[in-house]
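The values are calculated or read from the model by the stated rules, or taken from the named source; none is laboratory data. Just so we're clear, the structure is a prediction, and the values are computed from it rather than from any experiment. Every residue, glycine as well, gets a Cβ built from its backbone with ideal geometry; the counts of neighbours run over all protein chains shown. Surface accessibility is based on the protein's heavy atoms, side chains included, excluding ligands, DNA and RNA. Shrake-Rupley method; radii C 1.70, N 1.55, O 1.52, S 1.80 Å.
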Amino acid sequence: MDILIEASHLFRSFGDLRAVNGVGFQVSSGDIYGLVGPDGAGKTTVMRLLCGALLPDKAAGAEPCAIHIAGLDMLHRTEEARAHIGYLPQRFSLYEELTVMENLRFFAEVRGLSAAEWQPRCMEILRFVGLDPFTNLRAGYLSGGMKQKLGLAAALVHRPRVLLLDEPTTGVDPVTRQDFWRLIFRLAGGEAQSAIAVLVSTPYMDEASRCHRVGFMRAGQLLLEGTPAEIRGRLEGQILELRGHPLRLLQKIAASDKDVETALLFGDCLHLRVRPAKGQAVMDRLRAVIPEGGGDIALLRLIPPQLEDMFIALQEG
């Protein structure tokens, strides 16, 4: 597989705020790389650096920054590198008075496609995203999810090798999120065209778990990266699931145990992160102290960690 995104030693500050601090990673063709982190972690700034919308800083004492897209140096061959990128920002701006086809035609022509090229390509990509029945509908009448699909179509109209998606499913319904991810899988897998590299930022851990590789960001730094399985494996044997009532009382009692690092609500249960190799000892103690404190245990067991557990652990680190 070709490495289509290669970044190293990315730095960017806004005044006294260091938004990106030494970030680097690679994404190969056919791969989906998920960039995960809280608001303000630096994910959008990384995206803008990769597509050339922002210039990186030269950090004192650090190695020189490097950004390569499809083998092209973004810092020195910017326009050539950009030609290989499809970018869907958080706030994609449609021309609401134009129809779906007119919007797509505009972006195709901006990308340099001739009439002979854009007409068949626009219909091909609209069929791919499921908007071909709506070619003559004004964009202003589209639902939020349909607007995101039109944004994806605009990003793909020139057949890019690299796709940058900045929180593309935020604010859309669960069904549309599923549809959107099916499209991403088809793109990365090469079903609709030759395989591309996809970099997607997301606040949703269920989406992060679908990626081939995940990078966790906090305060401008890339704290950890790997496959979802590798990341979950770092907490193997350290997560307990606790169910019972009253849940707040159980949480208070569990959090007071010397070997429980966190006791957090996960829906209708608690996830307890315990010190390594202390799971059985914690369970034995809780089975004794919770009934004494007036609580009732319905279930207490060691479970495989989820990405949310690692995300929380990293944010507290």
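Any idea of the accessible area per residue across region 1-76, 1.4 Å probe, to the nearest Å²?
That works out to 45 Å² for each residue.
Could you calculate the FRET efficiency of ARG234 with LEU75 from 1/(1 + (r/R0)^6), where r is the beta carbon distance between them and R0 is 45 Å, rounded to 0.05?
With a Förster radius of 45 Å, E is 0.85.
Let me know the charge dipole size of the chain about its Cα centre in debye, to the nearest 20, where only the beta-carbon of Lys, Arg (+1) and Asp, Glu (-1) is charged.
Dipole size: approximately 140 debye.
Could you work out how much longer the chain between HIS212 and LEU17 gets when fully extended? Use 0.36 nm per residue separation minus the Cα distance between them, nm to one decimal.
Extending this stretch completely gives an extra 67.1 nm.
Can you send over the carbon and sulfur percentage of the accessible area for region 55-106, probe radius 1.4 Å, protein chains only? Kindly include the intermediate steps, with their values, before the conclusion.
On the way: 1640 of 3160 Å².
Carbon-and-sulfur percentage of accessible area, whole number: 52.
Step by step: find N for the chain, compute 2.2 N^0.38 Å, then divide the Cα radius of gyration by it. What's the final number?
1.17
Can you give the FRET efficiency for LEU264 and LEU299, using 1/(1 + (r/R0)^6), R0 = 25 Å, r = Cβ-Cβ distance, to the nearest 0.05?
In this case the efficiency is close to 0.95.
Arrange the residues ASP179, ASP259 by how much accessible surface each exposes, largest first, with a 1.4 angstrom probe.
Output order, biggest surface exposure first: ASP179, ASP259.
Just by accessible area at a 1.4 angstrom probe, what is the order of CYS65, CYS122 from largest to smallest?
Details: CYS65 30, CYS122 0 Å².
If we order CYS65, CYS122 from most to least accessible, we get CYS65, CYS122.
Considering only the chain, what is the antiparallel percent among its DSSP beta bridges, to the nearest 5? Each step should come with its number before you reach the end.
Details: 37 of 55 bridges.
Roughly 65 percent of the DSSP beta bridges within the chain come out antiparallel.
Excluding residues on the same chain fewer than 8 positions from LYS149, give the lysines whose Cα lies under 30 Å from its Cα.
Counting by Cα, and skipping residues close in sequence, LYS149 has these lysines nearby: LYS43.
Given a 1.4 Å probe and the protein chains all in place, what does the accessible area of GLU124 round to, in Å² to the nearest 10?
Result for GLU124: roughly 70 Å² accessible.
How would you classify region 111-195 from its alpha-carbon gyration tensor, with a ≥ b ≥ c the square roots of the eigenvalues: rounded for a/c under 1.5, else prolate if a/b is greater than b/c, otherwise oblate?
Working: a/c = 1.81, a/b = 1.16, b/c = 1.56.
Oblate is the answer for region 111-195, as a/c is 1.5 or above yet b/c matches or exceeds a/b.
Tell me the accessible surface of HIS9 in square angstrom (1.4 angstrom probe, heavy atoms of protein chains only), to the nearest ten.
HIS9 has an accessible surface of roughly 70 Å² with all protein chains in place.
Once the dipole of the chain is set up with Lys and Arg at +1 and Asp and Glu at -1 on Cβ about the Cα centre, which of TYR87, PRO38, THR262 lies farthest towards its positive end?
Final value for the positive-end residue is THR262.
Please report the accessible area of ARG301 (heavy atoms, 1.4 Å probe, ligands and nucleic acids excluded) in Å², nearest 10.
The value for ARG301 is about 120 Å².
For the chain, with a Gaussian network of springs between Cα atoms less than 10 Å apart, report the residue from VAL175, VAL46, VAL157 with the top mean-square fluctuation.
In this elastic network of the chain, the residue with the biggest mean-square fluctuation among VAL175, VAL46, VAL157 is VAL175.
Where the Cα atoms of region 156-280 are projected onto their three principal axes, how long is each span, largest first, in whole Å?
Extents along the principal axes: 58, 28, 27 Å.
At a 10 angstrom cut-off on C-beta neighbours, averaged per residue, how do the peptides 203-209, 113-119 rank from highest to lowest?
203-209, 113-119
Ignoring ligands, DNA and RNA, what percent of the accessible area of region 255-317 is carbon or sulfur (1.4 Å)?
Using a 1.4 Å probe with all protein chains present, region 255-317 comes out at 53 percent carbon and sulfur.
Provide the three semi-axes, in whole Å and in decreasing order, of the ellipsoid equivalent to region 1-145 as defined by the square roots of 5 times the Cα gyration tensor eigenvalues.
Taking √(5λ) for each eigenvalue gives 33, 18, 14 Å, largest first.
Working from the pairwise distances between different alpha carbons, so that the mean of 1/r is found and then inverted, what is region 16-66's Kirkwood radius in Å?
Mean inverse Cα-Cα distance, inverted, gives 12.5 Å.
Under a Cβ-only charge scheme (Lys and Arg +1, Asp and Glu -1), can you give me the dipole magnitude of region 171-238 about the Cα centre, in debye to the nearest 20? Mind showing how you got there, number by number?
Numbers: 8 positive and 8 negative charges, 20 e Å.
Charge dipole of region 171-238: 100 debye, to the nearest 20.
State the three equivalent ellipsoid semi-axes of region 231-317, derived from the C-alpha gyration tensor as the square roots of 5 times its eigenvalues, in descending order and whole Å.
Semi-axes, largest first: 21, 13, 11 Å.
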